[in-house]
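See structure below.
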Amino acid sequence: MKLISLLCNGMLVSIELFVLTLLFALPLGLIVAFGRRSKNILISGITGIYISVMRGTPLMLQLVVVYFGPYYIFERTIDRFTAAVVALALNYAAYFAEIYRGGIDSIPKGQYEAGEVLGFTRMQVFFRIVLPQVVKRILPAISNEVITLVKDTALVTAIGVAEMFKAAQTESSRILSVRPLFVAGAFYYVMNLVIERFFRFAEKKLDYYK
Amino acid sequence: MIEASDIYKSFDGNAILKGISFQVNKGEVVAIIGPSGSGKSTLLRCINLLEKIDRGRITVENEVMVSTNDSGKAVYADKKNLRKIRLKLGLVFQSFNLFPHFSVMQNITDAPVNVAGISKDEARKIARELLVKMGLEDKADAYPCNLSGGQCQRVAIARALALNPDVLFFDEPTSALDPQLTMEVLRVIRKLAQENMTMVVVTHEMGFAREVADRVIFMDNGVIVEEGTPEEVFNNPSNEKTRAFIKGFDK
């Protein structure tokens, strides 16, 4: 029982990380996707490099850089949890950006043109006509990332954030048993089961049109 | 009503429109015919602001959409005026371009509500009347994916009409449809013609052009080769190219 409440406390931190990361990464990814699609080569170039670096280096390294970087460069420390959210959001935004970009590119030009001749502004065309169709198309790819994110929250132990995996590991070595790790594993799995269900539901919801 | 003069448009150095001038008068149905690649669709897209012209002048009800300055560059009206002009024009596409995530009703009412600022109830009322006219009164809640091509195109026509445009343009409205579905769409356009709707139709349906159009324009290779009443263009074409083109269709 004590183990469960211990892990539950850790899980709350994991969930907090998860939610905050999504909250920042999902919109940020859209902005990065816009940048990537920009006709301005400077903007598309910079976002291209950003995506390339974020996807091309270990997330754990990025966590460490975001947390310790300010200390080495400016001799200032930031909160571990904040650093974790920043690093995760920056990393996931890169992946989301590429998913959005693929989705946006897959919408036929005729949809934009139809919106345009009906007098919609470019913003209206994007948010009323294009984005809803993009969401339907990218849901499976997004669900992949979201499920991976649940598991990646465990990486923040690298900068000492006390989330569920850390709690399980500590408890495991304290009582010399593998049980806490199994229970933590079950917790992660259940979280992802819920997420899987959610996406299946969302896909079904959007199944009303082709 | 619409006056276009000396329109030039090229894509990557490829001249598509080479000095097109024509006008559309109120209540008139103009058919534009011609071989593929002759610039018919580009012309329509230029007038509907989907492409920007390189040179020339277009006015809609005496309001200048675009004119050419002294150094030979096309200058468009400001955004606000262009929006105003745009609402006077409606365009129906070859591939319908309905919004798949909207029901038929939403497809028709979305622009009137969110662009023209008409109340939802009013927009729905207009939409229902249009659907009756299109013979689709039972399809208001259907989604485009559940409709036939002919039904989709009629919804697209209703969607364009819902904004009450002064001129309605059709860009090969039946080219994606089989003969039977073509008939139902042409029937609707014919009905609009009888109501004196001003229309410009790019089409390969020669019989339809001959029957419905007040004026026929034959385009080839980026220029207007011949222009006149259907009688003149179809029965008595003065140009060699027109004659060859029409003969090819009669076979």
Notebook entry, point to check: Roughly how much accessible area, to the nearest 100 Å², goes out of reach of solvent when B and A pair up, both sides summed, probe 1.4 Å?
Noted result: 2000 Å²
Notebook entry, point to check: Any number yet on Rg/Rh for the range A:10-103, C-alpha, Kirkwood?
Noted result: 1.02
Notebook entry, point to check: If you build the Cα gyration tensor of the range A:16-63 and take the root of 5 times each eigenvalue, what three semi-axes come out, in whole angstrom, biggest first?
Noted result: 22, 15, 5
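What FRET efficiency do you get for A:Met1 and A:Asn144 if R0 is 30 Å and r is their Cβ-Cβ distance, rounded to the nearest 0.05? Spell out each step's value before the answer.
Values: r = 35 Å, r/R0 = 1.17.
The computed FRET efficiency comes out at 0.30.
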Next item on the list: Please identify which residues in the range A:168-210 have an amide N closer than 11 Å to a label point set 7 Å out from the Cα of A:Lys151, following the Cα→Cβ vector.
Entry: A:189
Note to self: Using only the alpha-carbon atoms of the range B:13-138 as identical scatterers, what base-10 log of I(q)/I(0) does the Debye formula give at q = 0.19, 0.22 Å⁻¹?
What the structure shows: -1.22, -1.37
Notebook entry, point to check: What is the Rg over Rh value, at two decimals, for the range B:136-251, using alpha-carbon atoms and the Kirkwood definition of Rh?
Noted result: 1.02
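Could you give the length gained by full extension between B:Arg243 and B:His204, i.e. 0.36 nm per residue of separation minus their alpha carbon distance, to one decimal place?
Numbers: separation 39, 0.36 × 39 = 14.04 nm, distance 1.52 nm.
Full extension of this stretch gives 12.5 nm more.
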Checklist line | Cα-projected label distance for A:Met60 with A:Lys204, points at 7 Å along beta-carbon direction, nm | finding: 3.9 nm
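Keeping the other protein chains in place, figure out the carbon and sulfur percent of the accessible area of the range B:2-248, with a 1.4 Å probe. Show your work: numbers first, answer last.
On the way: 4730 of 10740 Å².
The value for the range B:2-248 is 44 percent carbon and sulfur by accessible area.
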Notebook entry, point to check: Restricting to lysine pairs 8 or more places apart or on different chains, what number in chain A have Cα atoms under 22 Å apart?
Noted result: 8
Next item on the list: First obtain the Kirkwood hydrodynamic radius of chain A from its Cα pairs, then insert it into the Stokes-Einstein equation at 37 °C and 0.692 mPa s, and state the resulting D in µm² per second as a whole number.
Entry: 172 µm²/s
Notebook entry, point to check: Taking a quarter of the surface of the Cα convex hull of the protein assembly as shown, what do you get in nm²?
Noted result: 29.8 nm²
Check: By what distance, in whole Å, do the Cα atoms of the range B:118-203 stretch along each of the three principal axes, largest value first?
Finding: 36, 31, 18
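Over all distinct alpha-carbon pairs, what is the Kirkwood Rh of the range B:2-248 in angstrom?
Numbers: mean 1/r = 0.0535 Å⁻¹.
So the Kirkwood estimate lands at 18.7 Å.
Nearest 0.05, what FRET efficiency do A:Phe127 and B:Phe11 give at R0 = 41 Å with Cβ-Cβ as r? Could the numbers behind the result be given before it?
Values: r = 30 Å, r/R0 = 0.73.
Given R0 = 41 Å and the Cβ-Cβ separation, E is 0.85.
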Item checked: Helix-only mean residue ellipticity at 222 nm for the protein assembly as shown, each DSSP H run of n ≥ 4 adding -39500 (n - 2.57), per residue, nearest 500 -> -18000 deg cm²/dmol
Notebook entry, point to check: Does any residue of the range B:139-158 lose at least 20 Å² of accessible area with all protein chains in place compared with its chain alone, and if so which ones (probe 1.4 Å)?
Noted result: B:Tyr143, B:Cys145
Item checked: Zone residues, the range B:10-35, relative to A:Lys109, backbone N less than 16 Å from point 7 Å out along Cα-to-Cβ -> B:10-17
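Grab the beta carbon distance between B:Glu122 and B:Val223, set R0 = 60 Å, and tell me the FRET efficiency rounded to 0.05. Before the final figure, lay out the partial values.
Values: r = 44 Å, r/R0 = 0.74.
The formula returns an efficiency of 0.85 here.
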Item checked: Relative contact order for the range A:101-210, counting Cα pairs under 8 Å that sit 6 or more residues apart, in percent -> 24 percent
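The values are calculated or read from the model by the stated rules, or taken from the named source; none is laboratory data. None of these values were measured; they are calculated from a predicted model. Glycine gets a Cβ as well: all are built from the backbone with ideal geometry, and neighbour counts include every protein chain shown. Quick note on the areas: whole protein, heavy atoms, side chains included, nothing else; ligands and nucleic acids left out. Shrake-Rupley method; radii C 1.70, N 1.55, O 1.52, S 1.80 Å.
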